[in-house]
Amino acid sequence: MPEKTPAEREAIALGMWDNLGRVMAETVLLDRLLKDPSRIEYESPAIITRYKDRMGSAVFASLHTGNWEVCIMPANALHARPAGIYRIVENPYVDRYIRRLRGGLYPGGLFASKGGEGVANVLRIASYLRSGGTVALLADLVDWGGVQVPFFGHMTWATIGPAWLARRAGTRLWAGRVVRVGKESRFMVSFKELKVPRTDKPDEDIRELTASIQRQFEAWIREHPEQWMWSNKRWKNHEMPGGSQD
């Protein structure tokens, strides 16, 4: 891919902040937006038809593009009763407010990935998957406790959460994204199944699948870089687990 000009880089940066502002406004009105089904289209509607009421247990991994809150809609359209994994917001009042807004999107419940509930929730999530449930989580942020995989030509620490859950629970894994279409809160949702390796070396399988997820994310980001929330650092101090993210 040819190097971007300064003007192109500035346009991408301004576009990212514009998209982020829209996401913040849309989050407050999320319940109203989702009552209008015409706002969301699926890139592959045939997949919805094929797997509706027959998805079974699955892990959905997404990234912060478009309005990522909408990316769970395919699982709901499939009647898969998804549960969500999210990072606790430090302000407890804001955290409760956001959980309430998201509640209708996750009929299987919301589980915190860290904090006091973290360890217990890992067991609950695994149990939910083994009982036939589906779980969704965002997987494009740095995770110093994860594994190093390539991302845009550099090594980054990526979460093993989606790969670990799919590999250990024996489920399918789907990568998904949301693309904003125009300026009227309309979206195109894409999702793609990734092969889950199942050899006699589980750690290598998890690393390989984690790298596959990040490759898919990179390909999608290249298509619409202005819609990816890249303000979260992915590479600084990547050589040192526990390094500063500031």
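Derivation of every value follows stated rules applied to the coordinates shown; laboratory data play no part. No experiment lies behind these values; they were computed from the predicted model shown. All Cβ positions, glycine included, derive from the backbone under ideal geometry; neighbour counts span all protein chains shown.
Where both bridge residues fall in the chain, DSSP classifies roughly 45% of the beta bridges as antiparallel. Candidates A77, Q216, Y42 compared by Cα position along the dipole of the chain: farthest toward the positive end lies A77, with charges placed on Cβ. When the P(r) is computed for the chain, the part past 29 Å accounts for 27% of the Cα-Cα pairs.
Each of L63, L123 was scored by other Cβ atoms within 10 Å of its Cβ. Arranged with the fewest first, they read L123, L63.
Taken over the range 6-227, lysine pairs spaced eight or more positions apart, or on distinct chains, with alpha carbons under 29 Å apart number 10.
Only the Cβ atoms of Lys and Arg (+1) and of Asp and Glu (-1) were treated as charged; on that basis the dipole of the chain about its Cα centre amounts to roughly 760 debye.
Going from the fewest other Cβ atoms within 10 Å to the most, the residues F60, F111 appear in the order F111, F60. Of the two radii for the range 1-98, the radius of gyration is 1.04 times the Kirkwood radius, both from the alpha carbons; that is the Rg over Rh value.
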